[in-house]
Amino acid sequence: MSVLVIAEHDNAELKPATLAAVTAATAMGGDVDVLVVGSGCAAVGAAAANVAGVAKVLVADAPEYAYMLAEPVADLVVPLARNYAAVMAVANTVGKNFMPRVAALLDVSQISEISEIVGPDTFIRPIYAGNAMATVQSSDAIKVITIRPTGFEKAAAEGGSASVENLPAAGDPGLSSFVGEELSKSERPELTAAKIIISGGRGMQSGENFPIIEAVADQLGAAVGASRAAVDAGFVPNDYQVGQTGKVVAPELYIAVGISGAIQHLAGMKDSKVIVAINKDEEAPIFQVADYGLVADLFKAVPELEEELKKLPPA
Amino acid sequence: MKVLVAVKRVVDYNVKIRVKADQTGVDLSNVKMSMNPFDEIAVEEALRMKEAGTAEEIIAVSIGVQQCQETIRTALAMGADRGILVKTDDALEPLHVAKIMKAVVDEEQPGLVILGKQAIDDDCNQTGQMLAALLGWPQGTFASKIEFSDGKANVTREVDGGLQTLTLNLPMIVTTDLRLNEPRYASLPNIMKAKKKPIDEKTPEDLGIDTAPRLTTLKVAEPPKREAGVIVEDVADLVNKLRNEAGVI
Ligand SMILES: Cc1cc2nc3c(=O)[nH]c(=O)nc-3n(C[C@H](O)[C@H](O)[C@H](O)COP(=O)(O)OP(=O)(O)OC[C@H]3O[C@@H](n4cnc5c(N)ncnc54)[C@H](O)[C@@H]3O)c2cc1C
Ligand SMILES: Cc1cc2nc3c(=O)[nH]c(=O)nc-3n(C[C@H](O)[C@H](O)[C@H](O)COP(=O)(O)OP(=O)(O)OC[C@H]3O[C@@H](n4cnc5c(N)ncnc54)[C@H](O)[C@@H]3O)c2cc1C
């Protein structure tokens, strides 16, 4: 039995979430192969071959895979999947998009966003915004799985020596084409990879006030996130949203500023190691999950926090 | 074109759910049920297409127990034209739901099917993509904008890095994200009118779909509880504790 992990990358670099998927695949037992699908992605294939525990790397490098459109990617993965006991991808917006298409073409029930592996056919996944954890067993011959990277340690990026094999492309069915993208540019770390995150909510009142949060983020080397309310109100772009229907994060430190703590928000951050809440309402539900709560007006507390951090000697 | 909208009956998003003591599932007795919020957005999008002259007929489909009728009625009260209830008491997986939807699509021949990106109960985020696969149609998932021109559609999608726009051939599948639109409330006269709109009832057997489970839920447990921590004095106290107690900065 072996497992095929589909790598997360940007055609230049292998993303750390892939290392979490390798750990999850290893826990299922058997060999772990990694598939790199992309365009101009040879460097990613080489990086994947270095990951500890990987047996073989398959690289499908073709223009039609540049944007990971679900239709051509699924057509590529489906015949490969038939050689494996399981295929696994990270539950990001790419994996969530093409994996169910793969599952349906294989006539398999996908198991979404697992956070733990109990055995080769048994997995734990959160349901109801993480308010319940379901243990599910699959009877399908091929398991199609997406993982929550926050649930798994990362495999070592170095130390492996897998073989690399180039695959022919499977063609483009011509159902969809890429028009354009608007990506948020930021010097700060990505939300799902950051060690520290500071998020703002409706309490921020407007996008013009977010620089006070960004100033703290820059002191801490942190990523900036937001609640749905802050995104819906247009304070920050959609990719900042943390929660049940946004990104799921589990940093060392999560600082929630002007966020009340709705279950949909908690679903995305309650596995953080240390949670700080800054809110002027002492009854706010966010305080029930916070390790450290500060009842204060954020417009006073956040600039103060920046000043205190500036004074702090290096650790 | 004809538009099919999937509407799922789920536990209302405001309900604080409880895991059953015997760990067989979540206690759903006497809790408020509503239409999945992403499906309200799907219905709204179809209605706006009809108002703009792009859609002629809107059909709301729900799959599940008899009470899913209420969810269909909600869609009809918002403005959908008719409903289809595929009745079953079995627990369905997204693959089954997609197969049933495919059978309905084969009968109705819509130009577009809109579904929610995820149901807020099982959080699978699969059904629309599976339906697209089974039909061999393109998929515009996590949509925040849809525009039609020249027999194609431009769909803007919410992706991890920001927004991505694709051109998709018709017929196609769309799954809704939160910012596609703000769904309307049904007015009282429309709620009354909806009572007279037709709802067709079928079963998975009528459609020839096998719903034998592939997944077995062995256990449903409470997640580990987080203990509330301490309230700090002031910002200096917070920074001190983060540095010297938690060691995270
Ligand atoms: C289908 C669905 C999916 C959803 N998905 C998500 C999701 O993925 N992520 C998400 O976050 N939400 C999600 N939500 C929304 C969620 O239910 C809440 O509405 C949202 O999280 C509230 O955001 P908030 O805490 O910023 O705003 P509010 O609840 O309005 O809280 C604002 C807080 O700011 C505090 N405040 C105000 N002014 C100040 C000040 N000057 N100083 C200090 N504190 C101040 C207030 O005391 C209050 O606690 C979803 C909802 C639905 C229905
Ligand atoms: C192990 C297991 C146990 C289950 N137990 C129960 C149970 O006890 N009771 C019960 O009622 N169900 C049960 N279900 C079924 C479950 O509630 C869902 O119908 C199914 O798993 C689809 O998942 P989802 O809704 O998260 O799909 P998603 O892919 O997240 O849904 C996306 C979208 O698909 C559409 N959609 C999905 N399902 C339907 C539907 N039924 N009708 C119309 N549109 C739909 C909606 O537009 C929705 O927004 C169980 C499922 C599993 C796998």
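Only protein heavy atoms count here; under a 1.4 Å probe, residue A:113 has an accessible surface of about 30 Å². Under a 5 Å amide H cut-off, with hydrogens placed 1.01 Å from N, residue B:199 pairs with B:83 among residues at least 5 apart or on other chains.
Which aspartates and glutamates does residue B:117 reach when only Cα atoms under 16 Å apart count, and residues fewer than 8 places away in its own chain are ignored? The qualifying aspartates and glutamates are A:113, A:239, B:39, B:40, B:44, B:45, B:93, B:158, B:160, B:177, B:182. Under 5 Å between amide hydrogens, built in the peptide plane, is the criterion, and for residue B:141 it picks out B:175 among residues at least 5 positions away or on other chains. Our coupling estimate for the range B:70-86, obtained by passing each phi through the Karplus curve with A = 6.51, B = -1.76, C = 1.60 and θ = phi - 60°, is 5, 5, 5, 4, 4, 5, 5, 5, 5, x, 4, 8, 8, x, 10, 10, 9 Hz, Gly and Pro reported as x.
Can you tell me the convex hull volume per residue for chain B, based on C-alpha atoms, in Å³ to the nearest whole number?
On the way: hull volume 47.2 nm³, N = 249.
Spelled out: Cα convex hull of chain B, divided by residues, is 190 Å³.
For the range A:49-158, a crude dipole built from +1 on the beta carbon of Lys and Arg and -1 on the beta carbon of Asp and Glu, taken about the Cα centre, is about 160 debye to the nearest 20.
Based on the Cα coordinates of the range B:1-115, what is the per residue volume of their convex hull in Å³? If you can, show how the numbers build up before the last one.
Values: hull volume 11.4 nm³, N = 115.
Once divided by residue count, the hull of the range B:1-115 is 99 Å³.
Shown here is the pair-distance distribution of the range B:90-157: with all Cα-Cα distances grouped in 5 Å bins from zero up to the longest one, the shares run 3, 15, 26, 24, 19, 9, 2, 1, 0 percent. Annotation: average projected area of the range A:1-138 is 7.7 square nanometres, based on the convex hull of Cα atoms across all directions. Summed over both chains, the area buried between B and A is near 6800 Å², taken from the accessible surface of protein heavy atoms with a 1.4 Å probe. Residue-wise HN-Hα couplings along the range A:169-185, as the Karplus relation 6.51 cos²θ - 1.76 cosθ + 1.60 with θ = phi - 60° gives them from phi, are 5, 9, x, 10, x, x, 8, 9, 9, 7, 10, x, 8, 10, 9, 5, 9 Hz; Gly and Pro carry x.
Bridgeable lysines around residue B:196 (alpha carbons under 26 Å apart, same-chain partners fewer than 8 residues away excluded): B:2, B:8, B:32, B:50, B:87.
Stretch residue A:252-residue A:154 to full length: gain in nm at 0.36 nm per residue minus the Cα-Cα span?
Full extension from residue A:252 to residue A:154 adds 33.8 nm.
Only protein atoms count toward the accessible area here, which uses a 1.4 Å probe; on chain A, the carbon and sulfur part of that area reaches 49 percent. For the pair residue A:208 and residue A:300 in one chain, pulling the backbone fully straight at 0.36 nm per residue adds 31.6 nm over the alpha carbon distance.
Provide, as a two-decimal number, the C-alpha radius of gyration of the range A:1-75 over 2.2 N^0.38 Å, N being how many residues it has.
1.04
Relative contact order of the range A:157-315: 19 percent, from C-alpha pairs under 8 Å at least 6 residues apart in sequence.
Taking only protein heavy atoms and a 1.4 Å probe, what accessible area per residue, in Å², does the protein assembly as shown have with all protein chains in place?
On the way: 22670 Å² over 564 residues.
Per residue, the protein assembly as shown has an accessible area of 40 Å².
The alpha carbon centroids of the range B:201-219 and the range A:188-259 are separated by 41 Å. Listed values for the range A:198-204 are Karplus-derived 3J(HN,Hα) couplings in whole Hz (6.51 cos²θ - 1.76 cosθ + 1.60, θ = phi - 60°), namely 10, 10, x, x, 4, x, 5, and x replaces Gly and Pro. Under the classification rounded if a/c is under 1.5, otherwise prolate if a/b is larger than b/c and oblate if not, where does the protein assembly as shown fall, given a ≥ b ≥ c as square roots of the Cα gyration tensor eigenvalues? Since a/c reaches 1.5 but b/c is at least a/b, the shape of the protein assembly as shown is classed as oblate.
For residue B:172, the residues whose amide H sits under 5 Å from its own are B:112, B:113, ignoring neighbours fewer than 5 places away on the same chain, with H placed 1.01 Å from N. In terms of its alpha-carbon gyration tensor, the range A:241-315 comes out oblate; a/c meets the 1.5 threshold, while b/c is at least as large as a/b.
Give me the one-decimal Kirkwood hydrodynamic radius in Å for chain A, with the sum taken over alpha-carbon pairs. Don't skip to the answer; put the middle values down first.
Details: mean 1/r = 0.0484 Å⁻¹.
Taking the inverse mean of 1/r over all distinct Cα pairs, chain A comes out at 20.7 Å.
Taking a sphere under 10 Å around the Cβ of residue A:121 and counting the other residues whose Cβ falls inside, with K and R at +1 and D and E at -1, yields a net charge of 0. Computed over every Cα-Cα pair of the range A:69-214 and binned at 5 Å starting from 0, the pair-distance distribution P(r) comes out as 2, 7, 12, 15, 16, 15, 14, 10, 5, 3, 1 percent. Under 11 Å from a label point 7 Å along Cα→Cβ of residue A:27: give me every residue in the range A:139-173 with its amide N that close. Residues A:147-154 fall inside that zone. Annotation for residue A:179 and residue A:10: the two label points, set 7 Å from Cα along the Cα-Cβ direction, are 2.4 nm apart.
Shape class of the range B:71-184 from the alpha-carbon gyration tensor: rounded, with the ratio a/c of largest to smallest axis under 1.5.
Going by accessible surface with a 1.4 Å probe and the largest first, A:125, B:214 read B:214, A:125. Applying 1/(1 + (r/R0)^6) with R0 = 45 Å to the Cβ-Cβ distance of residue B:169 and residue B:244 gives a FRET efficiency near 0.15. Every helix of 4 or more DSSP H residues in the protein assembly as shown counts as -39500 (n - 2.57), and over all residues that averages to -7500 deg cm²/dmol at 222 nm. Extending 7 Å from the Cα toward the beta-carbon at both residue B:33 and residue A:2 defines two label points whose distance is 4.7 nm.
Straight-line cross-link reach from residue A:311 at under 30 Å between alpha-carbon atoms covers these lysines, not counting any fewer than eight positions away in the same chain: A:185, A:195, A:270, A:273, A:280, A:300, B:241. With contacts taken as Cα pairs under 8 Å at a separation of at least 6 residues, chain A carries a relative contact order of 15 percent.
Can you tell me the FRET efficiency between residue B:188 and residue B:147 if r is taken as the Cβ-Cβ distance and R0 is 41 Å, rounded to the nearest 0.05? It would help to have the intermediate numbers written out before the result.
On the way: r = 33 Å, r/R0 = 0.80.
For residue B:188 and residue B:147, the calculated efficiency is 0.80.
The values are calculated or read from the model by the stated rules, or taken from the named source; none is laboratory data. This is a predicted model, so every value here is computed, not measured. Neighbour counts run over all protein chains shown; Cβ positions are idealised from the backbone, glycine included. Ligands, DNA and RNA are excluded from the accessible area calculation, which covers all protein heavy atoms including side chains. Shrake-Rupley method; radii C 1.70, N 1.55, O 1.52, S 1.80 Å.
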